[in-house]
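In what follows, a structure is listed as structure tokens, so that the remarks can point back to it.
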Amino acid sequence: MSRPDGVDPLRRWIAWGAMLTGSVVPMMFGHPTGHGPPYSVPATQALVLAVAAIVASRSRRLSPLIGFLFTVAILRLGWSVIAPMLGEWGPVQSFVAEISWGPKIFMSRLLNVASALLMLTTFIGRNFSTDDLFLRVGQLDAPAQPEPILWFRKPIPWTRFGPQLLVIFGLGLTAFLFVSLRPNLGELSRLRQLLPWALATAALNAANEEFQFRCVPLAHLRNVLPVREALWLTAIFFGSAHYFGQPSGPIGIIMATIAGWIWAKSMVETRGAGWAFGIHMVQDVVIFYFLALSMKN
């Protein structure tokens, strides 16, 4: 039985339940930092979601959820088990011990690509195109539609909205990181030296997160939830993942959720990842530099 919006209520409950099951919320109680051993909590999360996907595959009603369920399972397994275990592997640790801070941070982000590769398996048997996955720049001047939480009431081009977001997000993120990380401003001379690694790390991380947290999940949810609801589901999932990241904590969750919603909105409205990747990369450059000045990773 469907609701007036045409959505099967069971599919809706399972989609939101899968997002919460695969989020970092259970890990908040399983490990204080969200990284490193024990891996039992995220491994259990991934197993539960994989079993749910297998069960869904046996039901015509639930089969549209298979790809999304496996996607969330892979995300949790990749980011919280596979990447940390690779980081603890002897050869990797030996290599990292011999390199400086900049390439070390790049290496830590590179390990998360493992889950992106695994995520490619969710496309098997599905006719996804690059357009379905938003793997194109998109129409950068497409109209941004007004929403209750935004400050404009008529559509404006993304070429106007995007730069405004860069300023707003940049100022907000800078203020938060300045207070939370307490950077050593005496190290400002290092910033030019670290620029190549800042750009490389930011580009890699932005592309990786956009692909895993937005491109793939949104594609799998297209026949499950209305677009607006899918945007918020992926945004909340992305935001909660920042509890242990940067920006961190409860305020970081709110900031990342709003950013994730904006970036997902840009993908849908421009039919591409150009604005999402560009704004995200700039944000990650800011984060990289603040980490460099605080010497935290």
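Nothing in this text is a laboratory measurement; each read-out follows from the coordinates by a stated rule. These numbers come from a predicted model, not from an experiment. Glycine gets a Cβ as well: all are built from the backbone with ideal geometry, and neighbour counts include every protein chain shown.
Observations, loosely collected:
- Subtracting the Cα-Cα distance of A50 and W89 from 0.36 nm times their residue separation leaves 11.5 nm of extension gain.
- Length added when fully stretched, Q139-S294, from 0.36 nm per residue minus Cα-Cα: 52.0 nm
- Under 5 Å from the amide H of G272 lie the amide H atoms of Q139, each residue being 5 or more positions distant or on a separate chain, with H modelled from the backbone and absent for Pro and chain starts.
- Label-to-label distance for R153 and K104 is 5.4 nm, based on points extended 7 Å past Cα in the beta-carbon direction.
- The chain, helix-only ellipticity at 222 nm - DSSP H runs n ≥ 4, -39,500 (n - 2.57), divided by all residues, nearest 500: -20000 deg cm²/dmol
- Long hydrophobic helices in the chain, taken as whole DSSP H segments with a C-alpha length of 27 Å or more on their own axis and mean Kyte-Doolittle hydropathy at least -0.5: 158-181, 190-210, 249-270, 274-294.
- Top of S63, S248, S240 by mean-square fluctuation, Gaussian network on the chain, Cα under 10 Å: S63
- Residues whose placed amide H lies under 5 Å from that of I156, excluding near-sequence neighbours: A144
- Structure remark: mean-square fluctuation, Gaussian network model of the chain, C-alpha springs under 10 Å; the largest value among A203, A15, A97 belongs to A97.
- When only Cα pairs below 8 angstrom with a gap of at least 6 residues are kept, the chain shows a relative contact order of 23 percent.
- Cα lying deepest toward the dipole's positive end in the chain, options I14, A50, N208, charges on Cβ: I14
- Note on region 9-294: with charges restricted to the Cβ of Lys and Arg (+1) and Asp and Glu (-1), its dipole about the Cα centre is near 680 debye.
- Cα centroid separation, region 234-283 to region 152-167: 16 Å.
- Choice from S180, S59, S40 with maximal GNM fluctuation in the chain (Cα, 10 Å cutoff): S59
- Order of D132, D284 - criterion: other Cβ atoms within 10 Å of each residue's Cβ, fewest first: D132, D284
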